[in-house]
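The values are calculated or read from the model by the stated rules, or taken from the named source; none is laboratory data. Treat the numbers as computed from the prediction; the structure is a model and nothing was measured. Ideal geometry is used to build each Cβ from the backbone, glycine not excepted, and the neighbour counts take in all protein chains shown. Calculation scope for accessible area: heavy atoms of the full protein, side chains included, ligands and nucleic acids excluded. Shrake-Rupley method; radii C 1.70, N 1.55, O 1.52, S 1.80 Å.
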Amino acid sequence: AGGAAAPPPRQCVLDPRSELRVEVPPDAPLRVRLVAGTAEIFGTELPPEGWVPIPPRSKIAIFTWHGATLELDGVTESEYHSEETPMVIYVNTHAILDARRARARAAAAQGGDLEASQGPRVIVVGPTDSGKSTLCKMLLSWAAKLGWKPTYVDLDIGQGSITIPGCISATPIEKPIDIVDGIPLEMPLVYFYGHPTPSINADVYKVLMKELAKTLERQFSGNAESRAAGMVINTMGWVEGLGYEEKLWKMLKDAVQSKPNIDVVKLQKSEGVVLRNSKYRQKTRSFRIKEYFYGIANDLAPHSNIVNFSDVSVYRIGGGHQAPRSALPIGAEPVADPTRLVAVNISTDMIHTVLAISYAKEPDEIISSNVAGFIHVTDVDIQRKKLTYIAPCPGDLPSRLLIASSLTWYEA
Ligand code: ATP
């Protein structure tokens, strides 16, 4: 890929409570190795020996509590030390959560009620690029290291870390998050919104959030272990600009004033958090979609398949289209139902878009159902009435009900 030749492997010594911040380029590999001491990447410890490949485009910090010597091999876009991190504050937060989990577990063992046996539910809010996802990862990995199985809930439809963009999802975290593979994807609970920003149809976003909450609540009521471990919930940047930080905090504090079991805690942002502009975000979204089909290391081969138009039904949630005046009783004003289900004709407009496969049995269950996975439309033949798509797994679609989206991805 041109560019400068890779520098030779180099050692780097980290003092206690300091970190090495590294940005990995998109097209050149980097690997790190622990030579001495202990170190972690966002809450997950580096193995005592062996090289760890750092995925392309990652922006990471290798932090050490007690000091470490590292070896780096490969190219970095930037690479610098910092002694100033909010890690002590973060780990103290973890310790408080851990005590609450233990309390919940003890209450459950003594036959306590649902409230007492409920572990902490943490929601991380703040502007974009304040390090929310990173803090979530740390809290989850530290908890998992102690044997808890907390649930990660990702409400970020723009830069979510569980599955492709446009989704809200939840998944249990049973071991510290893998540095290479990221959040485990065995059994995520995924609801499909289909757009990278909530403003397109905020009502649908809210409905899906309620459905996800309902399903999780049901799962927790039958599983004392995950109930006690609680949840860590990641959100989108709810406010614009750092100037609003104080305001957000005050607003939340006021909002929960009368609720004794909710604490609002203001945490410091790490200076290491990398700012990402909208072009970068758009690119990342595109990569996330590609990764879904081709694997993080481009090591999976998606399967191409063809279906007849008549074999599938495609719907869009929330057309935003109003009923025609002529269809309404005289005098009635047309009202748009933002969560209405609209049947979509398959057309060449769908080429390059992502469709979700719904678990719904009937169309009217689509909005309240989670999704099994995604397909990417590669061709639409109107004459023969055939749609060609790629999917990560071979075989027939698990359901004929599909959900359209505004998410696109262009094969390079
Ligand atoms: P958004 O709301 O836009 O999704 P966010 O608040 O969740 O953003 P993160 O995704 O946590 O922000 O952080 C932004 C980027 O900065 C990520 O690529 C993350 O890996 C990187 N990052 C976070 N903390 C550090 C650090 N201490 N050193 C280096 N990079 C970091």
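Given H placed on each backbone N at 1.01 Å, which residues far from residue 303 in sequence or on other chains put an amide H within less than 5 Å of it?
Close amide H contacts, sequence-distant or interchain: 391, 393.
Lysines near residue 253 by alpha-carbon distance under 29 Å, same-chain residues fewer than 8 away left out - which ones?
Answer for residue 253, where 29 Å is the Cα cut-off: 132, 137, 149, 206, 210, 214, 266, 269, listed by chain and number.
Positive end of the dipole of the chain, charges at C-beta (+1 Lys, Arg; -1 Asp, Glu), about the Cα centre: which of 374, 222, 160 has its Cα farthest in that direction?
My answer, from the dipole projection, is 222.
Using a simple charge model, +1 on the beta-carbon of Lys and Arg, -1 on the beta-carbon of Asp and Glu, nothing else, what dipole does the chain show about its Cα centre, in debye to the nearest 20?
My answer is approximately 680 debye.
Charges on Cβ only, +1 for Lys and Arg, -1 for Asp and Glu, centred on the Cα centroid of the chain; of 58, 392, 150, which one is farthest towards the dipole's positive end?
So the residue furthest toward the plus end is 150.
Report the full-extension gain for the segment residue 31 to residue 210: residue separation times 0.36 nm, less the Cα-Cα distance, to one decimal in nm.
Details: separation 179, 0.36 × 179 = 64.44 nm, distance 4.13 nm.
Computed gain between residue 31 and residue 210 is 60.3 nm.
Using a basic spin-label model with each label point 7 Å from the Cα along Cα→Cβ, how many nm lie between residue 262 and residue 69?
The two pseudo-label positions are separated by 5.1 nm.
If you take every DSSP beta bridge fully contained in the chain, what fraction is antiparallel? Give it as a percent rounded to 5. Intermediate values should be presented prior to the final figure.
Values: 63 of 74 bridges.
Expressed as a percentage, antiparallel bridges in the chain total about 85.
Calculate, for residue 197 and residue 96, the FRET efficiency according to 1/(1 + (r/R0)^6) with r their C-beta to C-beta distance and R0 30 Å; round to the nearest 0.05.
Computed FRET efficiency for residue 197 and residue 96: 0.35.
Give me, ordered by chain and number, the residues 5 or more places off residue 231 or on other chains with an amide H under 5 Å from its own placed amide H.
Placed amide hydrogens put 121, 122, 151 under 5 Å from residue 231.
Can you give me the orientation-averaged projected area of the convex hull built on the Cα atoms of segment 141-257, in nm²?
Averaging across all directions leaves 8.7 nm² for the Cα convex hull.
Between residue 364 and residue 187, what length in nm is gained on full extension when 0.36 nm per residue of separation is reduced by their alpha carbon distance?
This chain segment gains 61.3 nm when fully extended.
Using only the alpha-carbon atoms, what does the chain span along each of its principal axes? Please give whole angstrom values in decreasing order.
Taking the Cα atoms of the chain, the three principal extents are 73, 60, 43 Å.
Which one, 44, 80, 34, projects farthest toward the positive side of the charge dipole computed for segment 15-89 from Cβ point charges (K/R +1, D/E -1)?
The one lying farthest along the dipole's positive direction is 44.
Can you give the calculated 222 nm mean residue ellipticity of the chain, where each DSSP H run of n ≥ 4 adds -39,500 (n - 2.57) and the sum is split over every residue, rounded to the nearest 500 deg cm²/dmol?
After summing the helix terms and dividing by residue count, I get -7000 deg cm²/dmol.
Label residue 378 and residue 275 with points 7 Å out from Cα along Cα→Cβ: what is the distance between them in nm?
For the pair residue 378/residue 275, the computed spacing is 4.0 nm.
For residue 408 paired with residue 106, estimate the spin-label separation in nm (one decimal), with each label point 7 Å from Cα along the Cα-to-Cβ line.
Rounded to a tenth, the inter-label distance reads 5.8 nm.
Keeping all protein chains in place and using 1.4 angstrom, which order do 211, 84 fall into by accessible surface area, from largest down? Walk me through the numbers before you get to the answer.
Values: 211 30, 84 150 Å².
Accessible-area ranking of 211, 84, largest first: 84, 211.
Quick one: Karplus J couplings for segment 31-37, per residue in order, coefficients 6.51, -1.76, 1.60, θ = phi - 60°, nearest Hz, x for Gly and Pro?
Rounded to whole hertz, the list is 9, 10, 9, 7, 9, 8, x.
Looking at segment 368-397, which trypsin sites (Lys or Arg not before Pro) are DSSP coil and have at most 12 other C-beta atoms within 10 Å of their C-beta?
384
Counting pairs of alpha carbon atoms under 8 Å apart in space and at least six apart in sequence, what relative contact order in percent does segment 170-210 give?
The normalised contact order for segment 170-210 reaches 33 percent.
Considering only DSSP beta bridges whose two residues both sit in segment 102-255, what percent are antiparallel, to the nearest 5? It would help to have the intermediate numbers written out before the result.
Numbers: 9 of 17 bridges.
The antiparallel fraction comes to roughly 55 percent.
Count the DSSP beta bridges whose two residues both fall in segment 142-231, then state the antiparallel fraction as a percent rounded to the nearest 5. Don't skip to the end; give the middle numbers.
Values: 9 of 10 bridges.
Of those bridges, close to 90 percent are antiparallel.
Place the peptides 38-44, 286-292, 99-105 in order of packing, highest mean first, counting for every residue the other Cβ atoms within 10 Å and averaging per peptide.
38-44, 286-292, 99-105
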